[in-house]
Amino acid sequence: MAKSISLILIVSSFLIAAISIDGRPTSDEAWSHNICQGTETVTKLHFYVQDVLGGQNPTVYEVARASITANSPTTFGQVRVLDDLVTAEPDINSTVVGRIQGLITSGDLETSALAMNLNFYFTSGEYNGSTISILGRNPLMNKERELPVVGGTGGFRFARGYAITSTYSYDAESNYGVLEYTLYVSHYGDSSVRDPKANI
Ligand SMILES: *[C@@H]1O[C@H](CO)[C@@H](O)[C@H](O)[C@H]1NC(C)=O
Ligand SMILES: *[C@@H]1O[C@H](CO)[C@@H](O)[C@H](O)[C@H]1NC(C)=O
């Protein structure tokens, strides 16, 4: 099941800069040495987001709008909350990977662009329970959009990287879209993180 999430380790073996060649920290480096040992890896993640905007069981809801929103060509000021299912394949009934939860704000007066604050929450596979946080501008008119990965928890502590997203399909009648996400996330993983006080 974990394999179908398409987790691919593509890079490993970036030594942490704060650790000297023989692995012994100098006094200035002790803190970072204790926080994080081992190697940085880049994990590629590929999944689909079920963006159910309409129908009987939507997973996206408006929470607020501004005085300008109704007359704005870009729905400027609209704030929505979402809790979308994340799957391994475009089919909504394919293997469940997790959820994407967060806030999206229409934040551009001129073109359709969202200010995104998303937490990708794994509910299966080897990263079950871990999260990845995405924060950035999503220019909806572009076929492919790039968003920054700014952090994470669990297996994704110290995460940074980027996500490429595009609209895989959209059905206007049911107001239901499937979004494709590919993430490149640099992180250390659980086993390399220790209690900062353990060696002091
Ligand atoms: C997914 O499964 C549900 C419940 O079994 C079914 O009603 C629905 O038609 C399925 N959707 C697709 C796209 O296969
Ligand atoms: C994910 O972790 C939760 C909490 O530990 C557990 O209840 C659940 O069964 C796990 N899910 C899978 C698919 O392993």
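The values are calculated or read from the model by the stated rules, or taken from the named source; none is laboratory data. All values reported here derive from a predicted model rather than from experimental measurement. So basically every Cβ, Gly included, is an ideal-geometry build from the backbone, and we count neighbours across all protein chains shown.
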Taking the range 125-166 and keeping only residues that are of a type in the set (S, T, N, Q) and modelled with pLDDT under 95, one is left with N128, S130, T153
Out of everything in the range 77-96 that is over 14 Å from Y181 (Cβ atoms) and hydrophobic (A, V, I, L, M, F, W, C), what residue ends up being farthest from ligand 2 (Cβ to nearest atom)? V79
Go through (1) of a type in the set (S, T, N, Q); (2) at pLDDT below 95; (3) under 17 Å from the mean Cα position of the chain (by Cα) for S191 and report which single condition fails. (3)
Failed item, numbered, when Q101 is tested on (1) under 19 Å from F47 (Cβ atoms); (2) within 16 Å of ligand 1 (Cβ to nearest atom); (3) surrounded by fewer than 18 Cβ atoms within 10 Å (Cβ to Cβ): (2)
Is it the case that E126 is exposed (fewer than 15 other Cβ atoms within 10 Å of the Cβ), of a type in the set (D, E, K, R) and within 15 Å of the chain's Cα centre (by Cα)? no
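A quick yes/no check of all residues on (1) of a type in the set (D, E, K, R); (2) in a strand (DSSP E or B); (3) within 30 Å of S186 (Cβ to Cβ); (4) touching a Gly at 6+ places or on another chain (Cβ under 7 Å):
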{"site": "F47", "(1), (2), (3), (4)": "no, yes, yes, no"}
{"site": "G55", "(1), (2), (3), (4)": "no, no, no, no"}
{"site": "D84", "(1), (2), (3), (4)": "yes, yes, yes, no"}
{"site": "E110", "(1), (2), (3), (4)": "yes, no, no, no"}
{"site": "M116", "(1), (2), (3), (4)": "no, yes, yes, yes"}
{"site": "Y127", "(1), (2), (3), (4)": "no, no, yes, yes"}
{"site": "I132", "(1), (2), (3), (4)": "no, yes, yes, yes"}
{"site": "G151", "(1), (2), (3), (4)": "no, yes, yes, no"}
{"site": "G155", "(1), (2), (3), (4)": "no, no, yes, yes"}
Quick check: is even one residue across the range 134-149 touching a residue at least 60 places away in the same chain (Cβ under 8 Å) and surrounded by fewer than 19 Cβ atoms within 10 Å (Cβ to Cβ)? no
Considering only residues that are among the hydroxyl-bearing types (S, T, Y), out of contact with any Pro (no Cβ under 6 Å at 6 or more places or on another chain) and within 24 Å of E173 (Cβ to Cβ), which ones fall in the range 37-68? T59, Y61
Does R99 satisfy the condition of being assigned to a strand (DSSP E or B), closer than 19 Å to N119 by Cβ, more than 16 Å from ligand 2 (Cβ to nearest atom) and of a type in the set (K, R)? no
